[in-house]
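Visitor: Have a look at the structure that comes next, please.
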Amino acid sequence: MISINKLSIHFTGTYLFDDVSFIINDKDRIGLVGKNGAGKSTLLKILSGEMEPESGEIVKTSGQTVGYLPQEMIPDSKRNVFDEALTAFEEALSLQKKVKELTKQIGERTDYESDDYLNLVHLFSEADERFRLIGGHTMQADTEKILLGLGFLKSDFERPMIAFSSGWQMRVELAKILLKKPDTILLDEPTNHLDIESIQWLEGFLINYPGAVVLVSHDRAFLDNVTTRTIEITLGRINDYKASYSEYVEQRAERRENQMAAFNNQQKSIDDIENFIERFRYKSTKSRQVQSRIKMLEKMDKIEVEDIDNSSIRFKFPPAPHSGRVVVEAVDLIKKYGEKLVLNDINFAINKGESIAFVGKNGEGKTTLSKIIVGELEYNGKMQLGHRVVIGYYAQNQAAMLDGERTVFETIDDIAVGDIRPKVRSILGGFLFGTEDIDKKVKVLSGGEKSRLALAKLLLTPVNLLVLDEPTNHLDMQSKDILKNALLQFEGTLIVVSHDRDFLQGLTDKVFEFKNRQIKPYIGDIYDFLENRKIENLKQLEINNKNLNTANNDLISDNKINWEKKRESDKEIRKIKNKVDKCEEGISKIEAEIQRLDKVLANPEEHKAEFNKGNIYQSYQDLKDKLEEQMLEWEKLHSELEES
């Protein structure tokens, strides 16, 4: 449990938090919500111990461990992916090394009755017991499972960390936190670095996590699926709701409505009392009643209506210029980075007015194709834009591409031309950059402010094809809703790369799935696609009757084909189950032998004959190594069984 008591902190003279108190219970699932700049990330830093509050205290239960993933960091590891993830088991790795050293030392000794020898045996037993207690025997299997869940392939495990983008390196940092199994996990925008499949895996992991979880996220679907409690940070205060995000939105509206009703009723009562006092203040016959009502006003607990931060961006895209019917067309398009083939023989056509979502795992080519469409990358094959197509492009790293030394005003004014020039201040105001903000240098802006500034640049030129690559990263809920509403009213053609299911829902009418260097189109929005994929996965079978004669296939009924597939699938499942049974039997035998040797090692005096047979410690270590191999095999077989 973590207790936050009377927490206060302020920046530039105004309080970010003012006398804030709440408790994080052992199994809480908390979503921290609020506008950009409300203090969500700051609160996580304070909870993690990276920042000290100006007043108040954070009290943690004795021995409480915390794992914290910041929104941005710069990993700097020379290890490969698997070894870097294994560093999460710092204590287990140290104990493993210690056990091997002690095994070697004991094997070289013959003074079985000396105090030094017995002390070595004691240290060995103590280290080995601790190693098993903290899950050292399964750390390899656990690491593999977490990395695969977060989207890595087994072939990635031996690749150096520096060969991956910062987003993929952040996945390894997330894996390390999950592997450490802290009592409380603090995650700041974890979905920014994940694709839809990895987000869904992380949801399942966090839902079943035995400790507490505190999330900052602007992914409404992610919050709804994981959290059961919402803490709203607004105007220096917090409001605590025992509800998921969507339920919190409803409860907040009801709460404010009830407050307004109670406030209006009280104001009416106050007005009536004040009118009575004013009317009879100077009448001696009513002096007692007047004094009574004056005291009533003084004792009355005034009802206050919570202030709500209603500031929000406001904009709409300029009317889209007319374009031809076919907006983008690709024929046999190929893209390689050196020897690495990213897109292979891609063929598609995007028509005027279509809204298309690019989805798929990171690294499958979504951003690459976006850059090819807007003319930023070379390629082989054919890709051409339609008649009079004008592109507006928001890159995934658009905010980072802004010149940090320019001011907010200069950033827009530099590229504003014609009739737009006089409207620069108005446009910036629509994106929440007030008079004091427009002279700030870009480098001091928050991630959300940079994203808003980059979006504002899109309004400067009327376009009829918008290509948006992860436009919602760093935007708060309200800003995302406004952007989505503006896109729904956009009259041109839309291509959007995003992993935010709630943002995509209802926004697009077609999905391009990027997988295995190919593109597969689906008609419908993101949830239609996910449902379609779920059905496809259920229909997939491990064994395909590749040797069936094509001519005979036409004569065989669909039922028989399905029966044949099911029979082969069942046969394969039985094989795997038999292997699992044999593996479990082997594990039981090894564990029984380890337990027997534990007793021998605990009482060397009683088992001298056993010690005289040979190097019992080496045999013990060999058994443990064999047990770890069997556990890995067991994990692998179960994974195969789940996929069957």
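The values are calculated or read from the model by the stated rules, or taken from the named source; none is laboratory data. The structure presented is a predicted model; accordingly, all values stated were derived computationally and were not measured. Note: ideal-geometry Cβ built from the backbone for every residue, glycine included; neighbour counts use all protein chains shown. Quick note on the areas: whole protein, heavy atoms, side chains included, nothing else; ligands and nucleic acids left out. Shrake-Rupley method; radii C 1.70, N 1.55, O 1.52, S 1.80 Å.
Visitor: Against the 2.2 N^0.38 Å scaling, with N counting residues, where does the stretch 342-450 land? I'd like the Cα-based Rg ratio to two decimal places. Show your work: numbers first, answer last.
Guide: Values: Rg = 17.8 Å, N = 109, 2.2 N^0.38 = 13.1 Å.
So the Cα radius of gyration is 1.36 times the expected 2.2 N^0.38 Å.
Visitor: Once the Cα atoms of the stretch 9-86 are picked out, what are the Rg and Dmax in Å?
Guide: 15.7, 46
Visitor: May I pose another question? May I ask you to give the percent of accessible area on the chain that is carbon plus sulfur, with a probe radius of 1.4 Å? Display every interim value, and only then the final one.
Guide: Numbers: 16000 of 34150 Å².
Answer for the chain: carbon and sulfur cover 47 percent of the accessible area.
Visitor: What accessible surface, in Å², does a 1.4 Å probe find on TYR337, ignoring ligands, DNA and RNA and rounding to the nearest 10?
Guide: Accessible area of TYR337: about 100 Å².
Visitor: With an 8 Å Cα cut-off and a minimum separation of 6 or more residues, compute the relative contact order for the chain in percent. Don't jump to the answer; show the numbers that get you there.
Guide: Values: 976 pairs, mean separation 91.3, N = 644.
So the answer I get is 14 percent.
Visitor: If you don't mind, another one. Restricting things to alpha carbons, tell me how big the stretch 85-206 is in terms of Rg and Dmax, in Å.
Guide: That works out to 19.1, 62 Å for Rg and Dmax.
Visitor: Helix 139-149 against the longest principal axis of the chain: what's the angle in degrees, Cα atoms only, rounded to the nearest 10?
Guide: That works out to roughly 40 degrees.
Visitor: Could I ask something else about it? Any idea what the relative contact order of the stretch 253-361 is, in percent, if you count C-alpha pairs under 8 Å spaced at least 6 apart?
Guide: On the way: 72 pairs, mean separation 20.5, N = 109.
The value is 19 percent.
Visitor: Compare ARG293, ARG596 by solvent-accessible area with a 1.4 Å probe and give them largest first, with all protein chains kept in place.
Guide: Working: ARG293 70, ARG596 95 Å².
Heavy-atom accessible area, descending, gives ARG596, ARG293.
Visitor: How tilted is helix 558-602 with respect to the longest principal axis of the chain? Cα atoms for both, answer in degrees (0 to 90, nearest 10).
Guide: Around 70 degrees separate the two axes.
Visitor: A further question follows. Going by a ≥ b ≥ c, the root eigenvalues of the Cα gyration tensor, does the stretch 312-367 fall in the rounded group (a/c under 1.5), the prolate group (a/b larger than b/c) or the oblate group? Could the numbers behind the result be given before it?
Guide: Values: a/c = 3.12, a/b = 1.58, b/c = 1.98.
Because a/c hits 1.5 or more and a/b fails to exceed b/c, the stretch 312-367 counts as oblate.
Visitor: What is the angle, in °, between the Cα long axis of helix 166-180 and the longest principal axis of the Cα atoms in the chain? Nearest 10 is fine, range 0 to 90.
Guide: Between helix and principal axis, roughly 70 degrees.
Visitor: Which entries in the list LYS45/LYS176; LYS176/LYS624; LYS268/LYS299; LYS242/LYS480 go over 21 Å, if you measure between the two C-alpha atoms of each? Before the final figure, lay out the partial values.
Guide: On the way: LYS45/LYS176 18 Å; LYS176/LYS624 24 Å; LYS268/LYS299 17 Å; LYS242/LYS480 24 Å.
In this structure, LYS176/LYS624; LYS242/LYS480 lie more than 21 Å apart at Cα.
Visitor: Reported to two decimal places, what Rg/Rh ratio describes the stretch 168-229 when computed on Cα atoms with Rh from the Kirkwood expression?
Guide: Numbers: Rg = 10.8 Å, Rh = 11.8 Å.
Using Cα coordinates only, the ratio equals 0.91.
Visitor: Take the Cα atoms of the stretch 180-337, find their three principal axes, and give me the spread along each one in whole Å, biggest first.
Guide: Reported extents, whole Å, longest axis first: 98, 56, 21.
Visitor: Still on this structure, please answer the following. Taking every DSSP beta bridge that has both residues in the chain, what percent is antiparallel when rounded to the nearest 5? Intermediate results must be reported in sequence, preceding the final value.
Guide: Details: 38 of 72 bridges.
Once the DSSP bridges in the chain are tallied, antiparallel ones form about 55 percent.
Visitor: OK, next. Which is farthest toward the positive dipole end of the chain among LEU507, PHE164, GLY353, measuring Cα position about the Cα centre, with Cβ charges +1 (Lys, Arg) and -1 (Asp, Glu)?
Guide: Looking along the dipole axis, the top candidate is GLY353.
Visitor: Same structure, new question: Could you work out the relative contact order of the stretch 1-51, using alpha carbon pairs under 8 angstrom and six or more residues apart, expressed as a whole percent? All intermediate terms of the calculation are to be shown ahead of the outcome.
Guide: Values: 48 pairs, mean separation 14.3, N = 51.
The value is 28 percent.
Visitor: Something else now. What are the principal axis extents of the Cα atoms in the chain, in Å, biggest first?
Guide: 110, 80, 56
Visitor: Sticking with this one: If every alpha-carbon in the stretch 418-489 counts as one equal scatterer, what log10 I(q)/I(0) does Debye give at q = 0.20, 0.21 1/Å?
Guide: -0.97, -1.06
Visitor: Could you tell me the center-to-center distance, by alpha carbons, between the stretch 357-412 and the stretch 71-114 in angstrom?
Guide: One Cα centre to the other: 46 Å.
Visitor: Nearest 5 is fine: what % of DSSP beta bridges in the stretch 431-529 come out antiparallel, could you say?
Guide: 55
Visitor: Taking LYS371 as the anchor, which aspartates and glutamates have their alpha carbon closer than 20 Å to its alpha carbon, excluding any fewer than eight residues away along the same chain?
Guide: The reachable aspartates and glutamates, counting only those whose Cα sits under 20 Å from LYS371, are ASP195, GLU329, ASP332, GLU339, ASP345, GLU354, ASP469, GLU470, GLU513.
Visitor: Considering the Cα positions of the stretch 96-160, please state its Rg to one decimal place and its Dmax as a whole number of Å.
Guide: Rg then Dmax for the stretch 96-160, in Å: 17.6, 54.
Visitor: Next question. Quick check on the stretch 427-531: what does the Kirkwood estimate of hydrodynamic radius come out to from the alpha carbon pairs, in Å?
Guide: Over the stretch 427-531, the inverse of the mean reciprocal pair distance is 15.4 Å.
Visitor: Given axes a ≥ b ≥ c from the Cα gyration tensor, I'd like to know whether the stretch 1-133 is rounded (a/c under 1.5), prolate (a/b larger than b/c) or oblate.
Guide: Working: a/c = 3.85, a/b = 2.45, b/c = 1.57.
Here the stretch 1-133 falls in the prolate category.
Visitor: Okay, next question. Just tell me which lysines come within less than 17 Å, Cα to Cα, of LYS286; anything on the same chain fewer than 8 places away is out.
Guide: Partners found: LYS295.
Visitor: Quote the accessible area belonging to ASP414 in square angstrom, nearest 10, computed with a 1.4 Å probe and with ligands, DNA and RNA left uncounted.
Guide: About 90 Å², ignoring ligands and nucleic acids.
Visitor: Let me ask something else about it. Counting only protein chains, not ligands or nucleic acids, how are ASP183, ASP19 ordered by accessible area (probe 1.4 Å), most first? The partial results should precede the final answer.
Guide: Working: ASP183 65, ASP19 85 Å².
So the residues, ranked largest to smallest area, are ASP19, ASP183.
Visitor: Let me ask something additional. Report GLU628's accessible area, 1.4 Å probe, all protein chains in place, as a number in Å² to the nearest 10.
Guide: Rounded to the nearest 10, the figure is 30 Å².
Visitor: Let me ask something additional. Per residue of the stretch 210-221, what does 6.51 cos²θ - 1.76 cosθ + 1.60 with θ = phi - 60° give for ³J(HN,Hα)? Whole Hz please, x for Gly and Pro, Karplus curve as stated.
Guide: Computed from phi, the couplings for the stretch 210-221 are x, x, 8, 10, 10, 10, 10, 7, 9, 9, 4, 5 Hz.
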